[in-house]
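One structure is given below, encoded as structure tokens.
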Amino acid sequence: MEDFITFTILGISLAATYAVAASGLVVTYTTSGIFNFAHGAIGAFGAFAYWQLLDWDVPELPAVAIVLLVVAPAVGWLIERVIMRGLQNVSEVIRIVVPIGLLFGMIALIPIIWDPASNSYVVEPFFGDSKVTIFGAGVRYHQLLTIVVAGVVAVGLRFFLFGTRSGVAMRAVVDDRPLAVLNGSRPDRSSSLSWSLGCSLAALSGILVASILSMEVVTLTFLVVNAYAAAVVGRLASLPRTFLGALILGLLQSYAVGYLRDNPSFLPDDVDLITNLRLAVPVIMLFVVLLAIPHAQLRAHGLIRSREVVPRPDVVRSAIGGVVLVAVVAVVSGFLSGSDLLSWSRGLALALIMLSLVPLIGYGGQISLAPMTFAGLGGFAVARWGDGSVLGLVAAVVLSALVGLLVSLPALRLRGIYLALSTLAFAYFVEKVVFTQRALFPTTALPVERLGPVQGDRAYMIFLAVAFSLVGLLVVWIRLGPFGRRLQAMKDSPAACATLGLNLTRTKMQVFALSAGIAGLGGALLAGVSENMSVEEYFAVQNLPVLLMAVVGGIAYVSGSLVGGLLLASFAIIGQWVPTFEVAGMDGQDLVDDLLLLMPALAGLNLGRNPNGVVNEVGRQLRERRQRREEERVEPPERFASPTSLRHSLDAESLGVDRPFTVEELAVLDRALDLRDLEEELSRGTA
Amino acid sequence: MALLEARGVNVRFGGHAAVTDADIDVEVGRVTGLIGPNGAGKTTLFNVLTGLQPCVSGRVSLNGIEITGMAPHDRAQRGLARTFQRLELFGSLTARENLLVAAEIPRRFGAPPAGLTAAQRVDEVVDLVGLGAFVDQRADELTTGHARLLELGRALVTRPKVLLLDEPASGLDADETAYLARLLRELADSGLAVLLVEHDVPLVMQVCRRVYVLDLGKVISVGTPEEIRVDQRVVDAYLGQEVP
Amino acid sequence: MSGEPTVDAGGEVPLIELRDVRAAYGRIEVLHGVDLVVPEGSVFALLGPNGAGKSTTLKVISGQLHATAGSIRLGGHRVNGVSAEDLARAGVCTIPEGRGVFANLTVRENLQMMTFTGSSLRHVEEKAYARFPRLKERRGQLAGTMSGGEQQMLSLARGLATDPALLLLDELSMGLAPLVVEELYGIVAGIAAEGVSILVVEQFARTVLGVADLAGLMLHGRVQRVGSPAELEAELSSAYLGAETGGPR
Ligand SMILES: Nc1ncnc2c1ncn2[C@@H]1O[C@H](COP(=O)(O)OP(=O)(O)OP(=O)(O)O)[C@@H](O)[C@H]1O
Ligand SMILES: Nc1ncnc2c1ncn2[C@@H]1O[C@H](COP(=O)(O)OP(=O)(O)OP(=O)(O)O)[C@@H](O)[C@H]1O
Ligand SMILES: [Mg+2]
Ligand SMILES: [Mg+2]
């Protein structure tokens, strides 16, 4: 009995921590329409700032005040100003990915400011270690304080969001920004305020948690992953229910730790369920809650305008592009040294995994945060059943596709962020329960045999290029056919699709299975690169950079995946090129690594300006350039007629390059075709 | 027996009764009107008929087969098609692609007419609704009028037996409305059953053979346009004095 | 650029004056030189077919879209480039076409959003509920779940309750029952009687012409003709509205 009370009290104080974190999430979501994956990282930033102030001998209370009222709001203001304000009329996936970029930015930034090597960062709990005894269990004052704070925050926020005009205005801005303008409210100010508030709440939870857990960025960041479960109980909108969710979660976790001690005796020795399940409690809860959320009625929502561009690829050009890719890889791979060869091969395999997201997210608008997890299943299959035969790849595709079908079941009832979170929950579940089973993974790296005829590293890289081109072609072909159109239509209006006779359930299951199958193939080939399937590579967190870079490249483009995959691989490669150096007592290599971590973040943060990805942006600029030139060239002199028309046909894609030209390449082309001269001639003519 | 029948339909939102004991018959070869003040429950009734809104009680049958509990796509497969009061186009697709999507959905009942591909059926409908000049424009860039015609076309391309139109003339200009009126009559003559919700009373009076009037969720009057026009309850609840 | 604001015979500055205004969406120009003068205290009806640029003209006046050329004067002040928020706070009330409500806010919260221009919530609620008792019954309902017509009423409530100097109405009658349209234009006439200048955009002429002092016909991005309602009605019903169903809603 005493145990029970102790566990209950522990659970409640854990719940209070989750509640504070989750309410911050809910506030940013309801007032900005953005689910802030970086919430925990911002909390960590707040905690470090707090530590810094204490280190400068600022007393506790003023330090808390400065962090919550000055530092955190300033960070929030900056985030809104620089990053989030651009995110109007962008698709859901962009709104999910940009905070992921921010997350990586924060993870990279914090160790640069507070070097983990140079200090041990510890903050004492409030009131030190003093305790009261409640029902025989000792409870720290800090824990009680956390509970009280959670309650105050709950009541205060509810009043603010629903009782005050500023709160109403924030929600109105999410709903319809132009209309808010017409009402005379100031949407920009509302958004700034909402981000400031959200960051303050993040910092508050960071400070409260920092003394309980260690002050480590990644720990604090992923604490919030658990809070997601609580936030989702409140459907990201209702604060009271969020608190209920936090309570259930805290208690469940506490009881799980307290009572689930031993594996059932009927399990074989190397199968461990209990430890894993304990770790997975929040994730299981998230999954169950998402499934229990009542099926949203299909509702007509009217026509939505977005800045999204819908690509209409071309089979012939894409085929030529594929051939060019293989040719380029065949040539370039000859000049690469051993480790670079492997790194770029990794890039190609990652590109293939990202390609799995093109039909799913790019066409169908079904957001998945689990591509690497499916890839992991593929990797596992090829390690298990591969033996160098093609059957291994088949097994990888089939296993992933089947699991994909399973995961699509919640997808049938969920949309947008809920769907994304449920796939992330699936990823964590697989990481905690499957990837750590000794029965399946006796070591953390399973040996993998490459496909029979492609043993050498160079041959394997070319093989990867061939595989990417073929699957890319398949994806393009799907886009151009009825299924691709249907996916695109389903993204725009599920209600209209249903009333036209389309079975949404079946369509979603099909696209999930397709996507998972491609990811499984990619994962199997990725495992072949290092001839090792190492589980860490497929952990849940790894999904985030993969999705991020896929979107940066262009989520609706096959070539976007290629760009994304190569970019992701290139960060590691650049890291090796930079020579190690010492900066003011810091380890240079670390600094370089940190700065490199910033690169995906920066790429992600630019998405607000350019939501359709690198590939589209380059294409657009090329088109505009051409258009401008054509406009300048109102009446070209007779003799220039032929190069002009030649230039016209030199659109990137018409040369069969799946990747548009860089500006430099264009300059080269222009020189080759004497267009520079033409331009000069023309400008002289008009002057 | 009418092609589409609703009997005793009730819908409640919280304490508010949006539709109460509504009986509706939609018959082949004619346009049936459904009019009533704002908030009378017309769109809600449409949602019940097409399966987007479950009803507390009541039955809906199509062609003698009960479809009350069926999913929206099953009903569509059996020949029910609709348009939406607030446009519900596939905004990022072109007008032609909007039609193609609808044409390409496999039909379980009633095979497509021999020899016509999806693309050919689309062309047919493009001519029928007069969208020729706009087929390659993105749907979210169309003017309201063209968008309405496109939605009508998208419903037609599925070769429905019953067509439910929710305010198809709202946002159309005079020429387009006149065109729509002609089109509706032609469609009815060719054997389609049409249920039309409209606030454009002259249009309703002109094309409908039978008109239901809904007020506060109840059917308060049924009859020919001539009968409706002089029904005092309808004049008080909906038409007002000045309408011809 | 155009010079001094026009001053009419009575020495009054017109409330709206557009001179050769051009506007574009991206690279596509939609307004090709609009000239429009709305005298203070009048009701001006802007008519025209689909895609003529009527809504775009309203967007330019309300600051939602900036003109690429020409001058826009409100009450004699040049307002090119002034933001929509500032114009709204200065008393320009725009009721946009279609959905003019916050779908995920309740009716009452929608009314609360109308208080940014200076009225108190009490005042807004009183005026709105007095005109539309239906809104009072539904004040706790999410605006997005109301019927199309109820939403339209809610969005017009802003024009009533915030005491604007200039009211811009885009297709007020769309989707409304004939009785309600009649009633609403009765209300519009009432607002005008209080001295508010009103610019109404409609596709159908007769209902508006009953309350309008002046009317203009817009075609292909230009205002083609301006005249008294009586003049225009005769012209319109024969030429442009002559179709078989043309008529009031
Ligand atoms: N989801 C909902 N929750 C609560 N009330 C609703 C909901 N949907 C509709 N209503 C209410 O039900 C009533 C009927 O609405 P409906 O949309 O069917 O009206 P309508 O006849 O189509 O009107 P209109 O001509 O204005 O479009 C309205 O009063 C509306 O507010
Ligand atoms: N957001 C937009 N982006 C691109 N083009 C647009 C946009 N809005 C309108 N247009 C185009 O501008 C032109 C004029 O549109 P506008 O909405 O001003 O017409 P309107 O006279 O109000 O017509 P309606 O009666 O249909 O409301 C149309 O050709 C339309 O396609
Ligand atoms: Mg309706
Ligand atoms: Mg308009």
- prompt: Which residues, taken from region A:520-551, are open to solvent by 10 Å² or more (accessible area, probe 1.4 Å), at pLDDT below 90 and in contact with a helix residue (DSSP H, G or I) (Cβ under 6 Å, 6 or more places away or on another chain)?
  reply: A:Phe539, A:Gln542, A:Pro545
- prompt: What number of residues within region C:117-143 satisfy the criterion of being within 12 Å of another protein chain (Cβ to nearest Cβ) and farther than 24 Å from C:Leu167 by Cα?
  reply: 5
task: Only residues that are at pLDDT 90 or above and not small (Gly, Ala, Ser): list them for region B:71-87, please.
output: B:Pro72, B:His73, B:Asp74, B:Arg75, B:Gln77, B:Arg78, B:Leu80, B:Arg82, B:Thr83, B:Phe84
task: Would you mention how many residues in region C:40-86 are in a helix (DSSP H, G or I), farther than 20 Å from C:Met218 by Cα and either within 16 Å of ligand 2 (Cβ to nearest atom) or of a type in the set (Val, Ile, Thr) (or both)?
output: 1
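Determine which member of the set C:Ala205, C:Ala239, C:Ala243 is crowded, with 23+ Cβ neighbours inside 10 Å, modelled with pLDDT under 85 and either under 27 Å from B:Val207 (Cβ atoms) or not hydrophobic (A, V, I, L, M, F, W, C) (or both). So that I can check it myself, show each step before the final result.
Details: C:Ala239 fails: crowded, with 23+ Cβ neighbours inside 10 Å; C:Ala243 fails: crowded, with 23+ Cβ neighbours inside 10 Å.
Residue meeting the stated conditions: C:Ala205.
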statement: The one condition B:Thr117 fails out of (1) within 14 Å of chain C (Cβ to nearest Cβ); (2) without any contact (Cβ under 8 Å) to a residue 40 or more places away in the chain is (1)
statement: Counted residues in region B:150-174 being within 16 Å of ligand 4 (Cβ to nearest atom) and in a helix (DSSP H, G or I) come to 1
- line: Restricted to region C:87-109 and to residues being within 16 Å of ligand 4 (Cβ to nearest atom) and assigned to a strand (DSSP E or B), the residue surrounded by the fewest Cβ atoms within 10 Å (Cβ to Cβ) is C:Ile95
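Output the residues belonging to region A:50-66 that are open to solvent by 10 Å² or more (accessible area, probe 1.4 Å) and within 20 Å of A:Asp115 (Cβ to Cβ).
From region A:50-66, those open to solvent by 10 Å² or more (accessible area, probe 1.4 Å) are A:51-62, A:64-66; that's our starting set.
Residues satisfying the conditions are A:Trp51, A:Gln52, A:Leu53, A:Leu54, A:Asp55, A:Trp56.
Name the helices (runs of 4 or more DSSP H) wholly within region B:1-112 that hold at least 1 residues that are under 23 Å from B:Met205 (Cα atoms) and open to solvent by 10 Å² or more (accessible area, probe 1.4 Å)? Write out each step before concluding.
Details: elements: B:42-50, B:72-77, B:95-104.
Those helices (runs of 4 or more DSSP H) span B:42-50.
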- request: Find the residue count for region A:237-269, including only residues that are in a helix (DSSP H, G or I), modelled with pLDDT under 85 and among the aromatic types (Phe, Trp, Tyr).
  value: 2
message: Within region C:50-66, does at least one residue satisfy the condition of being away from ligand 1 (no atom under 16 Å from the Cβ) and of a type in the set (D, E, K, R)?
response: yes
task: Mind listing whichever residues of region C:25-43 are within 16 Å of ligand 4 (Cβ to nearest atom) and open to solvent by less than 30 Å² (accessible area, probe 1.4 Å)?
output: C:Leu31, C:Val34, C:Leu36
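Yes/no matrix, rows are residues, columns are (1) among the β-branched types (Val, Ile, Thr); (2) open to solvent by less than 40 Å² (accessible area, probe 1.4 Å):
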site: A:Leu68; (1), (2): no, yes
site: A:Leu78; (1), (2): no, no
site: A:Arg81; (1), (2): no, no
site: A:Gly86; (1), (2): no, yes
site: A:Ile94; (1), (2): yes, yes
site: A:Ile107; (1), (2): yes, yes
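Only one of C:Gly51, C:Gly63 is within 24 Å of C:Gly100 (Cα to Cα) and crowded, with 22+ Cβ neighbours inside 10 Å. Can you tell me which? Step through it out loud before you land on a result.
Working: C:Gly51 fails: crowded, with 22+ Cβ neighbours inside 10 Å.
Selected residue: C:Gly63, the only one of C:Gly51, C:Gly63 that is within 24 Å of C:Gly100 (Cα to Cα) and crowded, with 22+ Cβ neighbours inside 10 Å.
Quick check on region A:454-506: of everything there that is among the polar types (S, T, N, Q) and within 10 Å of chain B (Cβ to nearest Cβ), which residue is surrounded by the most Cβ atoms within 10 Å (Cβ to Cβ)?
Kept after step one, since they are among the polar types (S, T, N, Q), are these residues of region A:454-506: A:455, A:469, A:488, A:493, A:499, A:503, A:505.
Narrowing the set further to residues that are within 10 Å of chain B (Cβ to nearest Cβ) leaves A:488, A:493, A:499, A:503, A:505.
On the way: A:Gln488: 21, A:Ser493: 24, A:Thr499: 31, A:Asn503: 20, A:Thr505: 16.
Only one residue tops the list, namely A:Thr499.
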- request: Might you let me know whether region B:125-136 holds any residue that is in contact with a helix residue (DSSP H, G or I) (Cβ under 7 Å, 6 or more places away or on another chain), within 8 Å of another protein chain (Cβ to nearest Cβ), surrounded by fewer than 21 Cβ atoms within 10 Å (Cβ to Cβ) and not in a strand (DSSP E or B)?
  value: no
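Residue-wise test of (1) open to solvent by 10 Å² or more (accessible area, probe 1.4 Å); (2) touching a residue at least 24 places away in the same chain (Cβ under 8 Å); (3) more than 9 Å from chain C (Cβ to nearest Cβ).
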site	(1), (2), (3)
B:Arg148	yes, yes, yes
B:Arg154	no, yes, yes
B:Asp175	yes, no, no
B:Ala178	no, no, no
B:Leu184	no, yes, yes
B:Leu187	yes, yes, yes
B:Ala193	no, yes, yes
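The values are calculated or read from the model by the stated rules, or taken from the named source; none is laboratory data. Treat the numbers as computed from the prediction; the structure is a model and nothing was measured. Quick reminder, even Gly has a Cβ in these numbers, built from the backbone with ideal geometry, and neighbours come from all protein chains shown. Ligands, DNA and RNA are stripped out before the accessible areas are found, and what is left, the full protein with its side chains, is counted by its heavy atoms. Shrake-Rupley method; radii C 1.70, N 1.55, O 1.52, S 1.80 Å.
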